[in-house]
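Computed from the coordinates by the stated procedures, all read-outs in this text should not be read as laboratory data. Computed from a prediction, not measured in an experiment: that's the story for all the values here. Using ideal geometry, Cβ is built from the backbone for each residue, glycine included, and neighbour counts are taken over all protein chains shown.
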Amino acid sequence: MTRRAGPHRGLDLHYGADDDADERPSKTQLKQKSHDLQTLGEQVAALSDERLAAIEMPEALRDAIEQYRRTRSHEGRRRQMQYVGKLMRGADEEVLREAVAAASLGSARETLKLHEAERWRAELIADDAAVERWVQAHPDTDVQRLRSLVRAARRDAAASVEQRQPKNFRELFQFIKPFVEADA
């Protein structure tokens with residue numbers, strides 16, 4: 001037996017003013033906003049203590065985040081994060097987003113600096129001309145120490161796998177890193 005559609009289906013009935021329905025967010029939009037705030041709350045809770053202390057936020061939200069950090073059970077953390085999301089409705093969301101973005105951007109910059117130092121190390125080991133380019137880019141370099149570290153790292157690279165000592169690679173990297181960080 002097939003079911004018939006109710007008499008109200010298919011009719012476009014509007015009860016009340018059309019403007020009220022357009023202004024209010026839908027239930028789906030409200031839930032999505034709530035989930036977004038919880039996600040932002042998790043990101044804020046993951047910040048370091050120094051960064052968290054520097055953020056301007058309501059004291060109740062700060063306390064709830066600290067409680068979330070102390071909670072160890074899965075269900076307790078889930079419920080506490082829901083509470084954090086609720087409190088975040090009253091907080092300045094833009095300030096919190098900027099703090100999270102600054103933290104992630106800061107770590108991305110650090111990663112780029114490390115990659116740049118690794119690139120320089122590989123070039124210095126591979127090519128004698130790279131030493132000259134390094135000295136031109138960084139005139140205050142101790143050239144004698146640099147050449148010594150490069151020679152040692154090249155010897156390690158030429159050695160067999162069993163005889164390699166990554167110490168010279170690390171020393172060259174540690175020598176290069178401050179110069180790269182100063183450039184950025």
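Site pair residue 48 and residue 112 shows an inter-label distance of 1.9 nm when each label is modelled 7 Å from Cα along Cα→Cβ. The phi-based Karplus calculation (6.51 cos²θ - 1.76 cosθ + 1.60; θ = phi - 60°) puts the 3J(HN,Hα) values of the stretch 77-84 at 5, 4, 5, 5, 5, 4, 5, 4 Hz, whole numbers, x for Gly and Pro. Over all pairs of different C-alpha atoms in the stretch 57-129, the reciprocal of the mean inverse distance, the Kirkwood hydrodynamic radius, equals 15.5 Å.
Per the Kirkwood formula applied to alpha carbons, the stretch 24-91 shows a radius of gyration over Rh ratio, Rg over Rh, of 0.99. Protection proxy ranking of 96-108, 168-180, by the mean of other Cβ atoms within 10 Å over each peptide's residues and highest first, is 168-180, 96-108.
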